[in-house]
Each structure stands twice: as structure tokens, then as C-alpha cells.
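Peer 1: So that we are looking at the same thing, I have put the structure below in C-alpha cells.
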Amino acid sequence: VQLQASGGGLVQAGGSLRLSCTASGRTFSNYQMGWFRQAPGKEREFLATITRTGRTFYAPSVQGRFTISRDNANFTVNLQMNNLDPWDTAVYSCAATAKAYSSDWFLPGYYDYWGQGTLVTVSS
């Protein structure tokens, strides 16, 4: 599967952005999808995942501010980000896996496919 992320940009602190990730090449509904981010000089950080059945899990740092959702008909997974903070500045990437579900969904290695990333910059 190929993944294409979009929706990044510059936003002021307290603002919102909606990221989208569109998949192509395979049956989207067969994949568990995730969002990660990587800030300069930092490791890749798990943000959220949504299973094939629609269950969602979030990192504590974004719980209550970010919402992941999927639209299987349009092969898309979205990340709605509210109340953004300058600490949220990073390159955001989507990921996909066809593996059987396990509790390792917060690990980058759990995912087999990655999009190219979209930059989110939050100004103070």
C-alpha cells in the first residue's frame, strides 16, 4: 500500500489542523492505521492508531486534543488536531499494517508502510 499524507501547515498556538492520509494499492479496510510525528533531534513519537474495526488508542500527550478517524470508502485516515501547542511542531507521518492485531500498536516497527510526512508548525 502507498500512503500520501497532507494537511500540514503553519498554525498559531491554540489553533486546529486536520491531517489526511490517503492510501492506494490495496484494500484499505484490511489495514490498521496510525499517526506518528518526529520533531527535530527527537525520536519518532506515536500519536494515535485506529484498528480495522474502528477502535482507537492515543498517546497521553494528545489524548483529548487529537482525534483519529477513518473513511474506508475513500481510503483515508484523518487526524483532527485541536488546541495545538508549539511543542506539537513536527513532521507528521501516517503508517499502516496488515498484521494481526497486537498491543504493540505504539511501536513504529509494528507498521509496515509509511507515508512521506507532512510538516506541522505551531507558532506561539
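Peer 1: Which of (1) of a type in the set (Phe, Trp, Tyr); (2) out of contact with any Leu (no Cβ under 7 Å at 6 or more places or on another chain); (3) farther than 27 Å from ALA13 by Cβ is the odd one out, the single condition TYR113 does not satisfy?
Peer 2: (2)
Peer 1: Same structure, new question: Quick test of your reading of the structure: GLN116 fulfils all but one of (1) of a type outside the set (A, V, I, L, M); (2) over 12 Å from the mean Cα position of the chain (by Cα); (3) open to solvent by 60 Å² or more (accessible area, probe 1.4 Å); (4) at pLDDT below 95. Name the failing condition by number.
Peer 2: (2)
Peer 1: Quick one: in segment 62-83, of everything that is assigned to a strand (DSSP E or B) and of a type in the set (D, E, K, R), which residue is farthest from TYR113 (Cα to Cα)?
Peer 2: Looking at the filtered set, the residue picked out is ASP71.
Peer 1: Using the structure shown, decide if THR22 is of a type in the set (Val, Ile, Thr), open to solvent by 20 Å² or more (accessible area, probe 1.4 Å) and in contact with a helix residue (DSSP H, G or I) (Cβ under 8 Å, 6 or more places away or on another chain).
Peer 2: yes
Peer 1: Moving to a separate point now. Just checking, does segment 22-34 include any residue being within 19 Å of TRP87 (Cβ to Cβ), part of a strand (DSSP E or B) and either at pLDDT below 95 or within 13 Å of the chain's Cα centre (by Cα) (or both)?
Peer 2: Checked segment 22-34: no residue is within 19 Å of TRP87 (Cβ to Cβ), part of a strand (DSSP E or B) and either at pLDDT below 95 or within 13 Å of the chain's Cα centre (by Cα) (or both).
Peer 1: Another question about this same structure. Taking interchain pairs and intrachain pairs at least six residues apart, which have beta carbon atoms under 7 angstrom, with the first residue in segment 15-37 and farther than 14 Å from ALA95 by Cβ and touching a residue at least 40 places away in the same chain (Cβ under 8 Å) and the second open to solvent by 20 Å² or more (accessible area, probe 1.4 Å) and among the basic types (Lys, Arg)?
Peer 2: Partner pairs satisfying both residue conditions: SER29/ARG52; ASN30/ARG52.
This table checks each residue for (1) charged (D, E, K, R); (2) free of Cβ contacts under 8 Å to residues at least 40 places away in the same chain.
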site: TYR58; (1), (2): no, yes
site: GLN63; (1), (2): no, yes
site: ASN74; (1), (2): no, no
site: ASP88; (1), (2): yes, no
site: ALA95; (1), (2): no, no
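Peer 1: If you scan segment 84-103, which residues turn out to be outside any strand (DSSP E or B), closer than 24 Å to GLY54 by Cα and either open to solvent by less than 50 Å² (accessible area, probe 1.4 Å) or modelled with pLDDT of 95 or more (or both)?
Peer 2: SER102
Peer 1: For segment 53-61, does any single residue satisfy the condition of being assigned to a strand (DSSP E or B), basic (Lys, Arg) and open to solvent by 70 Å² or more (accessible area, probe 1.4 Å)?
Peer 2: no
The values are calculated or read from the model by the stated rules, or taken from the named source; none is laboratory data. Small disclaimer: the values here were computed from a predicted structure and weren't measured. Cβ: placed from backbone, ideal geometry, glycine included. Neighbour counts: every protein chain shown. Side chains included, ligands, DNA and RNA excluded: accessible areas come from the protein's heavy atoms. Shrake-Rupley method; radii C 1.70, N 1.55, O 1.52, S 1.80 Å.
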